[in-house]
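Every number here is computed from the coordinates shown, using simple stated rules; none is lab data. These numbers come from a predicted model, not from an experiment. Positions of Cβ are generated from backbone atoms using ideal geometry, with glycine treated the same way; all protein chains shown enter the neighbour counts.
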Amino acid sequence: MLQVWGRRSSFNVQKVMWLIGELGIAHQHIPAGGQFGAIDTPEFLAMNPHGRVPVIRDGDGTVVWESHSILRYLAARHGSARYWSDNPVHRAEIDSWMDWCQTSLQPAFLTGVFWGFYRTPEAKRDLAAIAKNVALCADFFQRLDQLLSRQPFIGGQFLSLADIPLGTHMYRYFNLDIVRPSIPHVEAWYELLQQRSAFREHVMVPFDELFGRLDY
């Protein structure tokens, strides 16, 4: 059986768990990281020398770490071409959005806004940096809105790996007390995501425990 190490409130773990839910893969979830510890044990470090979650171990003993590598592995081994196309041109489009999310959107939102604003105690917040990143996120989501004005999902007509990393941001983005632009097509896409049971179970997870906590 597939094993997954991580905590439910971890953003990167949520990406992986959402796809596992979409694919209906039988799995064992092992809480790790944060209050659960375990990531500095010899056993865990033997799987991921960087000591970070998520980590998966498949039934045949295959170990994969780094959330986007895990997503691609799961789609290739347990999914179908609908999630990660066999066509190299379409696959490159999906990969481009996944990589853009990891190198551009995630640093701006998860680090700059979610960590900078929500997880940082008020007295320690860098308001100028937060405002800069909120504006940057607004610009990013305006660009995404243009794409979604032409199609229901990021990769086209169906949910794909392109939607998973970007979509995992949405629950937090729309539940923070920040200024957001008018992005009707992104909002419509988010509504579609909320109709998916795997998204509701694994992404729409309360994150109150993280408020004002830099050490978790």
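Taking the Cα-to-Cβ direction at Thr111 and at Ala128 and moving 7 Å from each Cα, how far apart do the two end points lie in nm?
Each label point lies 7 Å from its Cα, and together they span 1.9 nm.
Give the residue from Phe207, Thr111, Phe174 lying farthest towards the positive end of the charge dipole for the chain; charges sit on Cβ (+1 for Lys and Arg, -1 for Asp and Glu) and the dipole is referred to the Cα centre.
Phe174
Could you check what % of the DSSP bridge pairs in the chain are antiparallel, to the nearest 5? Could the numbers behind the result be given before it?
Details: 7 of 11 bridges.
Around 65 percent antiparallel, to the nearest 5.
Nothing charged except the Cβ atoms of Lys and Arg (+1) and of Asp and Glu (-1): what's the magnitude of the dipole of the range 88-201 about its Cα centre? Round to the nearest 20 debye. Write out the running numbers ahead of the final one.
Values: 11 positive and 12 negative charges, 36 e Å.
So the magnitude is around 180 debye.
In terms of the ratio Rg/(2.2 N^0.38 Å) built on C-alpha atoms, what value belongs to the range 2-78? Walk me through the intermediate numbers first.
Values: Rg = 11.3 Å, N = 77, 2.2 N^0.38 = 11.5 Å.
Computed over Cα atoms of the range 2-78, the ratio equals 0.99.
Around Phe36, with a cut-off of 11 angstrom between Cβ atoms, what is the net charge of the other residues, counting Lys and Arg +1 and Asp and Glu -1?
Numbers: positive: Arg7, Arg8; negative: none.
My count for the surroundings of Phe36 gives +2.
Could you check the spin-label model distance between Thr62 and His50? Points 7 Å from the Cα along Cα→Cβ, value in nm.
1.9 nm
Under DSSP H, which helices of the chain have Cα atoms covering 24 Å or more of the helix axis and a Kyte-Doolittle average no less than -1.0?
Details: long enough: 127-148 (31 Å, 0.86).
Correct list, ordered by number: 127-148.
What net charge is computed for the residues neighbouring Ile178, neighbours being all others with C-beta under 13 Å from the C-beta of Ile178, Lys and Arg scored +1, Asp and Glu -1? Please report the intermediate quantities before stating the final value.
Working: positive: Arg125, Lys132, Arg172, Arg180; negative: Asp177.
Around Ile178, the charge tally is +3.
What's the extension gain from Asp208 to Arg180 if we count 0.36 nm per residue and subtract their Cα-Cα distance? Each step should come with its number before you reach the end.
Numbers: separation 28, 0.36 × 28 = 10.08 nm, distance 2.06 nm.
The Asp208-Arg180 span can extend by a further 8.0 nm.
By counting other Cβ atoms within 10 Å of each Cβ, how are Phe44, Phe153 ranked from fewest to most? It would help to have the intermediate numbers written out before the result.
Working: Phe44 20, Phe153 17.
Result, fewest neighbours first: Phe153, Phe44.
Quick check of the Kirkwood formula: for the chain, what is the inverse mean of 1/r over all pairs of different Cα atoms, in Å?
Numbers: mean 1/r = 0.0557 Å⁻¹.
Evaluated over the chain, this radius sits at 18.0 Å.
Starting from the amide H of Val55, placed 1.01 Å from N in the peptide plane, find each other amide H under 5 Å away whose residue is 5 or more places distant or on another chain.
Residues meeting the criterion, in which the H sits 1.01 Å from N, are Trp5.
What order do you get for Glu187, Glu122 when you list them from fewest to most C-beta neighbours inside 10 Å?
Glu122, Glu187
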